[in-house]
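Okay, structure first, notes after.
The values are calculated or read from the model by the stated rules, or taken from the named source; none is laboratory data. Being a predicted model, the structure only gives us computed values, none of them experimental. Don't worry about glycine lacking a Cβ; one is built from the backbone with ideal geometry, like all the others, and counts go over all protein chains shown. We work out accessible area using only protein heavy atoms, side chains counted, and drop any ligands, DNA or RNA first. Shrake-Rupley method; radii C 1.70, N 1.55, O 1.52, S 1.80 Å.
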Amino acid sequence: TKDGQYVVKIPFKRDRGLLGRSREIASRRLNMIERKMEKNDEFKISYKLFMKEYEELNHMTEFNDTGKHDVGYYIPHHAVIKSDSLTTKVRVVFDASAKTNTGLSLNNVMCVGPTLQQDIFNIVLRFRKYNYVMTGDVAMMYRRILIAEEDRDYQKILWDDKCYKLNTVTYGTASAPYL
């Protein structure tokens, strides 16, 4: 973009039209999460904060899906809870492996891409080669890269009685590490 942010397309290997309907499974999974929230206030607060941050950072955008249920793919989501974590105890995970009514998932129709990072053995060997080394951690690494607008219909989610499109590379998709 003119701001220097990268934009990538989802690398589809099969016809996207083969996906079928996914909204129903995403809706059922959201209902399960909501029932869990009713029983656990801490979980509810953490999940809602995560999703609120996602929207505030413009990593997802609300849209009106009237009559477009069959276009694209709705990604179900759930929480991974790490009670011993010092930072984020609840992390929302997107499940692009969830099958549609045709038996295919978003991950089934996208390319994975080659592994770009080196194996840990080579990294450690190279690390030991120098007197001084520097490490870093890129916060929200996948969410720093935008998905092309024409592909965002394949990264839709349901949340809080609304429909959203995920605007960034989404962990849980097969191509995310490559992208």
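Its relative contact order, with pairs defined as Cα atoms under 8 Å and 6+ residues apart, puts the chain at 34 percent. Here segment 92-146 is treated with +1 on each Lys and Arg Cβ and -1 on each Asp and Glu Cβ, and its dipole about the Cα centre works out to around 200 debye. Inter-part distance, segment 14-64 to segment 137-179, computed on C-alpha centroids, equals 12 Å. Multiplying the residue separation of Arg35 and Ile123 by 0.36 nm and removing their Cα-Cα distance gives an extension gain of 27.2 nm. Of the residues Gly20, His59, Ile75, the one whose Cα sits farthest toward the positive end of the charge dipole of segment 1-138, with +1 on the Cβ of Lys and Arg and -1 on the Cβ of Asp and Glu, is Gly20. Contact order, relative form, for segment 92-179: 40 percent (alpha carbon pairs under 8 Å, 6 or more residues apart, mean separation divided by residue count). Apply the a/c threshold of 1.5 to the C-alpha gyration tensor of segment 1-68 and tell me whether it is rounded, prolate or oblate. Because a/c hits 1.5 or more and a/b fails to exceed b/c, segment 1-68 counts as oblate. The dipole here belongs to the chain: it is taken about the Cα centre, uses +1 on the Cβ of Lys and Arg and -1 on the Cβ of Asp and Glu, and is about 500 debye.
In the chain, helices alone account for a calculated mean residue ellipticity at 222 nm of -7500 deg cm²/dmol, with every DSSP H run of four or more residues adding -39,500 (n - 2.57).
On the chain, 51 percent of the accessible area sits on carbon and sulfur atoms, based on a 1.4 Å probe.
Within segment 3-44, what residues put their amide N at less than 14 Å from the label point 7 Å along the Cα-to-Cβ vector of His78? Only 25-37 fall inside the zone, counting backbone N under 14 Å.
In this calculation the C-beta distance from Tyr130 to Val93 is compared with R0 = 25 Å, giving a FRET efficiency of 0.10. Arg144 to Thr61: FRET efficiency via 1/(1 + (r/R0)^6), r the Cβ-Cβ distance, R0 22 Å, to the nearest 0.05? Efficiency for this residue pair is about 0.85.
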